[in-house]
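Notes follow once the structure below has been shown.
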Amino acid sequence: MASNDGQYEVLWPRSPRQVQLKPLARRLDTLEGKTIAQLWDFVFRGDEVYAALEEGLKERYPNIRWVSYKEFGNTHGGEEREVVAALPRRFKELKVDAAISGMGA
């Protein structure tokens, strides 16, 4: 029978890093004249949030252009893998400069 001296063997719960960090994309200097994609997981009121963002940002950047989340599909549903995999191609086709991804709760 093992003695109970208050010490226990443990394992470190983290594995070695599998993915190397990559530098972040350069930030836009302005949103004026840019095309912004909306991505949504269809979980929490994104339709309302994006409507408010469009309205508010249009005041500051009159020439901003939006590509609706409806163009891309659900980023967290049964077709999530396909939707996300298609984003680079779709962004290029639609000349997207930046994206906002939301919402989740």
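Every number in this text was worked out from the coordinates using simple rules, so none of it is lab data. Bear in mind that the values here come from a model prediction, so they are computed numbers and not experimental data. Note that we place each Cβ from the backbone using ideal geometry, even for glycine, and neighbour counts take in every protein chain shown.
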(1) under 11 Å from Asp41 (Cα atoms); (2) in contact with a helix residue (DSSP H, G or I) (Cβ under 7 Å, 6 or more places away or on another chain) all hold for Trp66 apart from (1)
Checked pairs for the range 57-84, first among the basic types (Lys, Arg), second not in a loop (DSSP other than H, G, I, E, B), C-beta under 8 Å and 6 or more apart or across chains, list as Arg65/Thr35; Arg65/Ile36
Note: among Ser101, Ser15, Ser68, just one is surrounded by fewer than 10 Cβ atoms within 10 Å (Cβ to Cβ) and small (Gly, Ala, Ser), namely Ser15
